[in-house]
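Step one of this worksheet: look at the structure below.
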Amino acid sequence: MNRRKKFDAVVVGAGIAGLYMLHRLRECGLAVVVLERADGVGGTWYWNRYPGARCDVESLEYSYTFSEELQQEWSWSERYAGQPEILRYIEHVADRFDLEPHIEFNTEVESARFDEQESQWLVRTNGSVCYVSQFLIMATGCLSSANIPVIEGIESFKGNAYHTGKWPHEPVDFSGQSVGIVGTGSSAIQAIPHIADQCKSLTVFQRTPNYSIPARNGSLDLDYEARIKARYPQFRQRNRAMPAALGCFHAANNQSVLDATEPERRREFSKRWEIGGFGFLGAFNDLTLNLDANDIAAEYVRGRIRETVSDPRVAETLCPDSTIGCKRLCLDTEYFETYNLPHVDLVDLRTNPIERLTGSGIQCAKSQFEFDSIVFATGFDAMTGTLLRIDISGRQGTRLEQAWNEGPKTYLGLMTHGFPNIFFISGPGSPSVLTNMIISIEQHVEWIERCLSYMQSHSYTTVEAEEESQVAWVEHVNAIADKTLYPTCNSWYLGANIPGKPRVFMPHVGFPSYVEKCEHVVANGYEGFSFA
Ligand code: NA7
């Protein structure tokens with residue numbers, strides 16, 4: 001019989017979400033434990049240590065907003081912070097708010113079962129303790145289950161194999177090595193220039209070419225930082241009102257690209273290309289809504305790729321033919337330029353697919369490659385992967401995997417019917433990955449904390465999403481996604497990167513109206529949730 005430990009709330013994950021949840025619930029006087037599979041805090045920023053790993057949201061925005069002292073005392077060194085600096089920041093937060101004593105590291109949650117008789121969750125881990133708690137809060141991240149591709153012979157490769165999302169802690173030195181990298185998503189686009197810098201030769205295996213905009217990273221301008229810090233709360237408030245909670249959309253241009261002249265289009269796109277960052281998609285108001293409009297932006301980027309990459313054949317292979325912004329837009333530093341280096345090659349998997357891995361490299365249909373190291377930059381089983389890997393069962397023993405077999409079903413992305421007292425921070429059905437994650441995380445954490453306080457003051461034991469409100473919410477999430485161009489490509493937002501995963505658009509397109517909806521629900525006595 002496992003030893004039992006009882007808490008008011010168990011939080012799973014000690015990343016940005018789990019740490020803030022812990023902080024808030026402790027402030028409310030609840031007994032909370034955080035269970036974390038790693039041996040340190042940081043979540044995404046603990047695992048993704050690949051060369052060049054960097055946040056695509058500007059550092060003055062990608063940080064907690066809940067403490068004015070914290071945001072004043074911390075200084076970022078660059079416009080976009082690199083992984084080591086973000087991890088130092090998260091460690092600083094854990095230390096500053098004395099969070100570590102409440103975290104159990106190296107503790108991987110394997111199952112969670114709702115005990116209907118006692119209205120409590122029984123959480124089992126790789127350790128010998130059974131955690132018993134009224135509330136279970138999943139702060140497990142949206143991109144935390146690595147997608148290791150199903151490729152014949154993948155285990156037989158005798159060189160070094162890495163996944164960007166499970167990078168070793170000790171330095172990896174590619175000097176003098178032949179390296180292959182599979183994938184051309186955000187992680188690869190960040191890593192490729194750095195790996196190319198070190199290695200003897202680099203071969204990039206591309207299945208789908210990707211759009212990328214220059215990040216224009218650099219040292220953080222001290223005057224700019226001082227100006228923001230002088231009015232940080234107002235800056236935060238302004239950004240929270242922006243689409244995706246990103247400050248760059250403050251300067252969005254409310255004009256249709258279809259109404260603009262050719263010189264006007266060029267001027268607007270070029271200005272934003274020079275500024276760098278996601279603001280490129282704010283150049284005109286219909287780029288993410290109308291295919292003709294979208295293609296004008298896409299053609300601008302293809303033109304830039306053709307200007308940058310000197311071999312026209314390579315340039316054409318790198319030119320994406322899909323909707324821009326449909327997959328998560330990438331930001332880069334000298335990504336396309338890297339293909340001009342003599343030791344960097346590109347393999348187009350559309351015409352020369354991978355057949356298998358061999359002991360010494362990769363066998364494609366038309367050619368064979370030998371490597372010392374292979375990097376899989378193949379992404380994640382996003383949004384649901386980590387939740388479904390845990391054996392979660394709710395009322396009548398229904399398993400979450402069963403409840404979500406047609407795709408995730410939630411109300412507001414926060415809870416799912418049949419599973420009382422379990423909350424998902426930035427769960428499927430919430431804006432999460434389509435926003436500055438920290439802002440969405442804070443909003444969810446604060447909503448959950450309020451809900452728990454409400455329950456306490458009304459002596460409620462359980463809260464659960466009502467089935468009808470959940471059905472309506474899932475329909476709403478799909479309906480608004482269908483008004484955009486998001487469903488037009490094979491993205492991880494749709495689960496399309498994982499063989500066999502149901503194709504459902506998972507995040508909610510609609511920050512900040514989503515926040516208003518959540519507030520409205522609270523103002524109406526938690527409309528759509530039932531309490532007992
Ligand atoms: P992504 O964006 O999912 O990119 C994964 C890449 O790996 C992408 O180019 C995929 O091609 C490719 N891939 C995946 N499986 C295979 C197989 N089996 N064979 C060949 N190529 C494959 O993951 P990232 O880690 O780069 O970024 C994830 C998020 O992190 C990103 O969106 C940001 O939010 C931060 P595909 O496009 O599917 O053809």
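Go through (1) within 30 Å of Phe278 (Cβ to Cβ); (2) away from the ligand (no atom under 16 Å from the Cβ); (3) of a type in the set (S, T, N, Q) for Ser322 and report which single condition fails.
Evaluating Ser322 over (1) within 30 Å of Phe278 (Cβ to Cβ); (2) away from the ligand (no atom under 16 Å from the Cβ); (3) of a type in the set (S, T, N, Q) leaves (2) as the failure.
A quick yes/no check of all residues on (1) buried (at least 21 other Cβ atoms within 10 Å of the Cβ); (2) within 16 Å of the ligand (Cβ to nearest atom); (3) more than 30 Å from Leu25 (Cβ to Cβ):
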| site | (1), (2), (3) |
| --- | --- |
| His444 | yes, no, no |
| Gln456 | no, no, no |
| Asp482 | no, no, yes |
| Tyr486 | yes, yes, yes |
| Cys489 | no, yes, yes |
| Gly495 | yes, yes, yes |
| Pro499 | no, yes, yes |
| Tyr514 | yes, no, no |
| His520 | no, no, no |
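Please name all residue pairs, on different chains or six or more residues apart, with Cβ atoms under 6 Å, provided the first residue is in the stretch 129-153 and is within 13 Å of Leu387 (Cα to Cα) and the second residue is among the acidic types (Asp, Glu).
Ser145/Asp381
Has the stretch 388-404 got at least one residue that is within 16 Å of the ligand (Cβ to nearest atom) and at negative phi?
Checking the stretch 388-404: not a single residue is within 16 Å of the ligand (Cβ to nearest atom) and at negative phi.
Could you grab me the full set of residues in the stretch 260-302 that are under 15 Å from Phe249 (Cβ atoms) and in contact (Cβ under 8 Å) with a residue 60 or more places away in the chain?
Gly276, Gly277, Phe278, Phe280, Thr288, Leu289 - these are the residues of the stretch 260-302 that are under 15 Å from Phe249 (Cβ atoms) and in contact (Cβ under 8 Å) with a residue 60 or more places away in the chain.
One residue is enough: does the stretch 64-79 have a residue meeting the conditions surrounded by fewer than 21 Cβ atoms within 10 Å (Cβ to Cβ) and within 16 Å of the ligand (Cβ to nearest atom)?
no
Under the condition of being basic (Lys, Arg) and out of contact with any helix residue (DSSP H, G or I) (no Cβ under 7 Å at 6 or more places or on another chain), which residue from the stretch 184-228 is farthest from Gln363 (Cα to Cα)?
Among residues in the stretch 184-228 that are basic (Lys, Arg) and out of contact with any helix residue (DSSP H, G or I) (no Cβ under 7 Å at 6 or more places or on another chain), the one farthest from Gln363 (Cα to Cα) is Arg227.
Among the residues of the stretch 1-37, which ones are touching a helix residue (DSSP H, G or I) at 6+ places or on another chain (Cβ under 6 Å), in a helix (DSSP H, G or I) and more than 17 Å from Tyr89 (Cβ to Cβ)?
Listed by number, the residues that qualify are Met21, Arg24.
Select, from Leu485, Leu494, the only residue that is within 15 Å of Pro408 (Cα to Cα) and at pLDDT 95 or above. Don't jump to the end; show me each part of the working.
On the way: Leu485 fails: within 15 Å of Pro408 (Cα to Cα).
Every option except Leu494 fails the conditions.
Of Ile228, Ile151, which residue is of a type in the set (A, V, I, L, M, F, W, C) and closer than 28 Å to His444 by Cβ?
Details: Ile151 fails: closer than 28 Å to His444 by Cβ.
Step by step, each of Ile228, Ile151 is checked, and only Ile228 is of a type in the set (A, V, I, L, M, F, W, C) and closer than 28 Å to His444 by Cβ.
Would you pick out the residues in the stretch 13-41 that are closer than 19 Å to Thr164 by Cα, surrounded by fewer than 24 Cβ atoms within 10 Å (Cβ to Cβ) and small (Gly, Ala, Ser)?
Going through the stretch 13-41, the residues closer than 19 Å to Thr164 by Cα turn out to be 15, 37-41.
If we keep only those that are surrounded by fewer than 24 Cβ atoms within 10 Å (Cβ to Cβ) too, we end up with 37-40.
Result: Ala38, Gly40.
With the stretch 167-246 as the region, which strands (runs of 3 or more DSSP E) entirely inside it contain at least 3 residues that are surrounded by 13 or more Cβ atoms within 10 Å (Cβ to Cβ) and within 14 Å of the ligand (Cβ to nearest atom)? Steps first, please.
Values: elements: 178-182, 201-206, 212-214.
Filter on the stretch 167-246 gives 178-182, 201-206.
Kindly list, by first and then second residue, each pair from a residue in the stretch 194-217 that is farther than 18 Å from Thr164 by Cα and charged (D, E, K, R) to a residue that is at pLDDT 95 or above and outside any loop (DSSP other than H, G, I, E, B), limited to pairs with Cβ atoms under 7 Å and residues at least 6 apart or on different chains.
Final answer for the pair search is Lys200/Ser178; Arg216/Ile275.
Quick one: how many residues across the stretch 141-166 are more than 25 Å from Trp45 (Cα to Cα) and more than 10 Å from the ligand (Cβ to nearest atom)?
Taking the stretch 141-166 first, the residues more than 25 Å from Trp45 (Cα to Cα) are 150-159.
Narrowing further to those that are more than 10 Å from the ligand (Cβ to nearest atom): 152-153, 155-159.
Of the residues in that region, 7 qualify.
The values are calculated or read from the model by the stated rules, or taken from the named source; none is laboratory data. Worth saying up front: this structure is predicted, and the values here are computed from it rather than measured. Positions of Cβ are generated from backbone atoms using ideal geometry, with glycine treated the same way; all protein chains shown enter the neighbour counts.
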